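The values are calculated or read from the model by the stated rules, or taken from the named source; none is laboratory data. Remember, it's a predicted structure, so these values are computed and weren't measured experimentally. When we count neighbours, we look across all protein chains shown, and the Cβ atoms used for this are built from the backbone with ideal geometry, even at glycine. For the accessible areas, the whole protein counts, side chains as well, though only heavy atoms, and no ligand, DNA or RNA atoms are used. Shrake-Rupley method; radii C 1.70, N 1.55, O 1.52, S 1.80 Å.
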Amino acid sequence: MRLSPPRRLLPLAPFLLLLLTLLSPPRAAAAAGGGPSAWVALRGAAGSRKASPAEQEAAAAGLLRRLLPSHAGSFSFQIDSKGAVCGQSSCFRISNVVDGSGKGGAEILIQGTTGVELASGLHWYLKYWCGAHISWDRTGGAQLASIPSPGSLPRVQGKGVKIERPVLWNYYQNVVTSSYSYVWWDWKRWEKEIDWMALQGINLPLAFTGQESIWQKVFKSFNVTDRDLDDFFGGPAFLAWARMGNLHGWGGPLSQNWLDQQLALQKKVLSRMIELGMVPVLPSFSGNVPAVFAKLFPSANITLLGDWNTVDANPKWCCTYLLDPSDSLFIDVGQAFIRQQIKEYGDVTNIYNCDTFNENTPPTDEPAYISSLGSAIYEAMSRGNKNAVWLMQGWLFYSDAAFWKEPQMKALLHSVPIGKMIVLDLFADVKPIWKMSSQFYGVPYIWCMLHNFGGNIEMYGVLDSISSGPIDARTSYNSTMIGVGMCMEGIEHNPVVYELMSEMAFHNKKVEVEDWLKTYSYRRYGRANAEIEKAWRYLYHTIYNCTDGIADHNKDYIVEFPDISPSSISSQLSKRRGMSIMRNHRRFFLSEVSGSLPHPHLWYSTKEAIKALELFLDAGSTFSKSLTYRYDLVDLTRQCLSKLANEVYLDAMSSYQKKDSNGLNSHTRKFLEIIMDIDTLLAADDNFLLGPWLESAKSLAITEKERQQYEWNARTQVTMWYDNTETEQSKLHDYANKFWSGLLKSYYLPRASKYFAYLTRSLQENQSFQLEEWRKDWISYSNEWQSGKEVYAVKATGDALAIARSLYRKYLSS
């Protein structure tokens, strides 16, 4: 169907015609997740507390008012409650308002099965009829200037366009996103995120906020005291890992203020999700219990788990206790937790997440035993909610593949009735499990993109996999795929990746990425531009075309400085260019191996990426006022300079090995100067600042004690992360590293400066490098910084385009 371009955009009609032709709304194909049975399942997944059609229509209208208040009257929303438009499928339809005057009244009608479909239809129209773009505020925000004024919105030809979901679910979040990204959010920020979810078509979001308040009430009913819970809960920034039983007490205790505040926030979050027709996924009991349980219930089957990444197994936060699912007490606790959630929130969902075996390997690989554990876990859920469906991350089948072979996988997956478990193929964008497990042996699954670790800032993606992987999975023989999902550890980066992945919930055939990127760049910046289009072709074939199968986690030397003696790496320097290594620990296999030089992941030609930067700079005069352009320019310049710094670091180490003092001094100065210059660059964009992270943490505090605790949590997570001794850094140091102005200058720069000072002294005095002294010096500084109270900027300073141009000339021009 050919669509009329907006009147305001007539000079660009040929480009828009290409845009609308390439992305003509897809028709749904038959699939395992589509059809009448899938729609019945969608209805059954929600709890009894549902929003009426009028409430969902009002929720969509409220979203429009927040997003585009000038056009609040330009759209009419209508829930297809009788199936006249969508039948038993999940869809939206965009059409013209019949007999609408187009002046002062609604011009476009959006119909859909739920409030999410209404929001998705609105978003689709704004993108592909009006050339608009919507991303997270911290990735440049929305480009809405291209939308014609009310009364002049482009018409939809014919009777309208209907888009059906080819699969049922669009899932969102990782169990750790709540700590890496959401931890300091208030309702205002949550409201924006839920709006973004709805616009992207997300209908199955994880909802983990506030669960500690539920646990407090449940555990107290089992005679656990507040003091016991002080040692059980982690601090705000580490709750995800306390929930999983990886640690206890680290960063805590939690105040009653925090517990009450988060519970109230969760109730608002759930209410809004329900108003939009989403089905939230709530937590369930995985077996993690306070230490006192072993004393309160001495006959219960409770196991003290092993160490998880501490430096010295300090019992203050290591190790945690697991109540065996085979014990009858497990069912009692699990049932109580589900029922307490229903008491607090109402019957809002039937879908519950549980990951008992995620990084907790069963004591035996006997299939019958594993099956009994799975059955017990599900029984605890179903006792609390008879309609419960178990949603499980499939990460364990990849991270612990040596244990989870076919007999063990089948035993767990078939321990509950088919249809009562959904598996997240968590890393399907890189390591799809569905292919090697015969579609999870008949169990429904969701094809997920993991993409990000630790909330790191790194331009990275596998666009070809995203554009084709879900289609291949859905159309494969005997497919059991019922949805797509995004399971990143942290959000607010790489907007191109998340926009394409979100769209795959509505595409029933592979997307031609290069053509899609033309429309994306047009919408993101508000106009067509030859330099920008060419730049995105370079980016597509380099940064966003990682095909080496290595999970990307930012290990650039600036943000993850090697903790290593130079004498131990001489043999590795000759092999240094273009190397990538995997690192291995229980939390997502990403910890540096002692005694070896870590090599940052590099999967593309840096020269080609610099060509893309040149083209971005050439277009600077045209887009200098665009916030989306500025974000991408700063991010790309940062990426190019960071990769250059990796080479400079290796040059410095090579000079040391050759005992070349002049070379060492020269490369040291350059490395430190690059850090300072990147900090200056990042300071020119609001979205790359340390200050907002710290200030949002402090803003949730009611008392001065909380204020200090929350700031320590926020500072520690992005730096040392976990415990250390006087001479041994945390095993998780820099796992959640960030390229933020303020953090580079006050943390990464002093660390590198201290190291190079010891290195220089070693050459000058002809002595071996004092590794332990450097560690004492550096770790002491880090711990002081973690407890610091310095205030950092929350607003940008400087001209990002001028700074980027200057740094390009200084470091990157040939």
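Some observations on this one:
- Residue ID - least open to solvent (accessible area, probe 1.4 Å), chosen from residues in region 741-760 that are under 14 Å from Pro562 (Cα atoms) and small (Gly, Ala, Ser): Ala752
- Residue check for Ser178: at pLDDT 95 or above and open to solvent by 10 Å² or more (accessible area, probe 1.4 Å): yes
- Sole exception among (1) within 30 Å of Leu694 (Cα to Cα); (2) modelled with pLDDT under 95; (3) not polar (S, T, N, Q) for Arg138, by number: (2)
- Counted residues, region 705-730 - those being open to solvent by 10 Å² or more (accessible area, probe 1.4 Å) and hydroxyl-bearing (Ser, Thr, Tyr): 2
- Among residues of region 694-704 being part of a helix (DSSP H, G or I) and surrounded by fewer than 22 Cβ atoms within 10 Å (Cβ to Cβ), the one that is farthest from the chain's Cα centre (by Cα) is Glu704.
- Looking across region 660-693, the residues that are hydroxyl-bearing (Ser, Thr, Tyr) and either under 30 Å from Trp184 (Cα atoms) or surrounded by 22 or more Cβ atoms within 10 Å (Cβ to Cβ) (or both) come down to Thr668, Thr680.
- Residue tally, condition of a type outside the set (A, V, I, L, M) and crowded, with 20+ Cβ neighbours inside 10 Å, over region 336-349: 4
- The residues of region 531-565 that are in a helix (DSSP H, G or I), buried (at least 21 other Cβ atoms within 10 Å of the Cβ) and among the aromatic types (Phe, Trp, Tyr), listed by number, are Trp536, Tyr538.
- Residue in region 751-770 that is under 30 Å from Thr637 (Cβ atoms), free of Cβ contacts under 8 Å to residues at least 24 places away in the same chain and not hydroxyl-bearing (Ser, Thr, Tyr) present: yes
- The residues listed here are Leu664, Leu641, Leu682; of these, the one that is touching a strand residue (DSSP E or B) at 6+ places or on another chain (Cβ under 8 Å), modelled with pLDDT of 95 or more and in the same structural domain as Lys607 (by the TED database) is Leu682.
- Residue match in region 190-199 (condition: more than 23 Å from Ile422 (Cα to Cα), assigned to a loop (DSSP other than H, G, I, E, B) and either open to solvent by less than 20 Å² (accessible area, probe 1.4 Å) or at pLDDT below 95 (or both)): no
- Ser371 satisfies every condition listed in (1) crowded, with 20+ Cβ neighbours inside 10 Å; (2) touching a Lys or Arg at 6+ places or on another chain (Cβ under 9 Å); (3) small (Gly, Ala, Ser) except (1).
- Scanning region 336-374 for residues that are closer than 24 Å to His414 by Cβ, of a type in the set (Ser, Thr, Tyr) and out of contact with any Gly (no Cβ under 7 Å at 6 or more places or on another chain) turns up Tyr352, Thr361, Thr364, Tyr369, Ser371, Ser372.
- When we screen Val269, Val281 for residues that are more than 14 Å from Ser213 (Cβ to Cβ), β-branched (Val, Ile, Thr) and open to solvent by less than 10 Å² (accessible area, probe 1.4 Å), the only hit is Val281.
- Comparison of Leu254, Leu276, Leu239, Leu259 shows that the only residue that is modelled with pLDDT of 95 or more, over 20 Å from Glu711 (Cα atoms) and not polar (S, T, N, Q) is Leu276.
- Of the residues Tyr781, Tyr755, Tyr792, the single one that is hydroxyl-bearing (Ser, Thr, Tyr), in the same structural domain as Gln717 (by the TED database), under 26 Å from Glu706 (Cβ atoms) and over 29 Å from the mean Cα position of the chain (by Cα) is Tyr781.
- Scanning region 761-787 for residues that are surrounded by fewer than 16 Cβ atoms within 10 Å (Cβ to Cβ) and β-branched (Val, Ile, Thr) yields a total of 0.
- Filter pass, Asn288 being on the phi < 0 side of the Ramachandran plot, open to solvent by 20 Å² or more (accessible area, probe 1.4 Å) and polar (S, T, N, Q): no
- If you check Lys220, Lys267, Lys295 for being in contact with a Gly (Cβ under 8 Å, 6 or more places away or on another chain) and basic (Lys, Arg), only one passes: Lys267.
- Residue in region 313-323 that is farthest from Phe208 (Cα to Cα), counting only those that are open to solvent by 20 Å² or more (accessible area, probe 1.4 Å) and not polar (S, T, N, Q): Ala313
- Qualifying residue in region 625-648 (condition: open to solvent by 10 Å² or more (accessible area, probe 1.4 Å), among the acidic types (Asp, Glu) and more than 28 Å from Asp548 (Cα to Cα)): no
- In region 45-56, the residues that are surrounded by fewer than 22 Cβ atoms within 10 Å (Cβ to Cβ) and assigned to a helix (DSSP H, G or I): Ala45, Pro53, Ala54, Glu55
One line per residue, one yes/no per condition, for (1) within 26 Å of the chain's Cα centre (by Cα); (2) free of Cβ contacts under 8 Å to residues at least 40 places away in the same chain:
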site	(1), (2)
Gln340	no, no
Lys343	no, yes
Asn353	yes, no
Thr361	yes, no
Asp365	no, no
Leu373	no, no
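- For region 785-798, the criterion of being at pLDDT 95 or above and outside any loop (DSSP other than H, G, I, E, B) is satisfied by at least one residue.
- Test: Ala528 is over 21 Å from Glu647 (Cβ atoms), touching a residue at least 40 places away in the same chain (Cβ under 8 Å), assigned to a loop (DSSP other than H, G, I, E, B) and of a type in the set (A, V, I, L, M, F, W, C): yes
- Scope region 500-525; condition part of a helix (DSSP H, G or I) and open to solvent by 10 Å² or more (accessible area, probe 1.4 Å); matching residues: Glu514, Asp515, Lys518, Tyr525
- Residue match in region 610-618 (condition: aromatic (Phe, Trp, Tyr) and either at pLDDT 95 or above or surrounded by fewer than 17 Cβ atoms within 10 Å (Cβ to Cβ) (or both)): yes
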